[in-house]
Amino acid sequence: MYLSNYLEGFALGLSLILAIGSQNAFVLKQGLKNQYVFIVCLVCAFSDAILISLGVAGFGVIVKQYPQIEIVARYGGAIFLGVYAIWSFKSAFTKNHALIANAKNEISMSKAILICLAFTWLNPHVYLDTVVLLGSVSTQYQPNHWQFACGAMLASFVFFFALGYGARFLSPLFSNPKAWKVLDFVVGFIMTFIAISLII
């Protein structure tokens with residue numbers, strides 16, 4: 001019975017983060033560049049763990065009562081994603097070597113961490129998925145709801161570290177600068193699409 005709680009939490013948590021989104025695209029990109037992979041994955045997974053904990057602890061009710069939280073996250077996230085999309089498109093169309101793996105012009109660790117935090121905490125879908133949805137579903141598992149939560153948290157750690165470190169298997173493909181330009185364009189498109197979806 002206890003194992004079932006963990007597994008069901010793991011399955012639901014994994015299903016919520018499998019979709020290609022802005023956060024996942026950034027983790028993939030850092031994995032391909034082999035830059036701060038561990039800390040990037042850790043920040044993303046740990047942020048999810050905090051949000052899941054808040055949801056299971058009842059914060060989801062507060063989010064429902066104060067929709068201003070969702071509104072601020074939505075518009076703040078749209079602005080951030082729009083800026084990042086412009087950055088990605090600029091790299092795709094103007095730089096031929098900037099994103100070659102192991103290039104010297106890598107971003108700083110602090111900047112990578114801040115970008116990870118922004119992708120997570122300025123994304124209203126994260127609040128809906130981790131805080132509201134997982135928090136609500138966890139009530140069905142009381143008094144073992146924290147076992148369900150631990151399963152969902154584990155899913156985040158497994159997914160992000162698998163994505164970040166698994167990206168290196170694509171390194172031969174991305175040794176070609178053109179592949180990086182395509183990736184930059186795709187990332188820019190994803191960011192733009194999500195930004196627009198947040199405000200309409």
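In the set (1) hydrophobic (A, V, I, L, M, F, W, C); (2) buried (at least 20 other Cβ atoms within 10 Å of the Cβ); (3) at pLDDT 80 or above, ILE113 fails one condition alone, (2). On the stretch given as region 10-39, residues that are assigned to a helix (DSSP H, G or I) and within 22 Å of MET191 (Cβ to Cβ) total 16. Taken together, the residues in region 155-179 that are assigned to a helix (DSSP H, G or I), under 13 Å from GLY31 (Cβ atoms) and either in contact (Cβ under 8 Å) with a residue 40 or more places away in the chain or basic (Lys, Arg) (or both) amount to 11. Scanning region 1-44 for residues that are crowded, with 23+ Cβ neighbours inside 10 Å and small (Gly, Ala, Ser), we see that the one that is modelled with the lowest pLDDT is SER22.
The values are calculated or read from the model by the stated rules, or taken from the named source; none is laboratory data. Note that this is a predicted model, so its numbers are computed, not measured. Don't worry about glycine lacking a Cβ; one is built from the backbone with ideal geometry, like all the others, and counts go over all protein chains shown.
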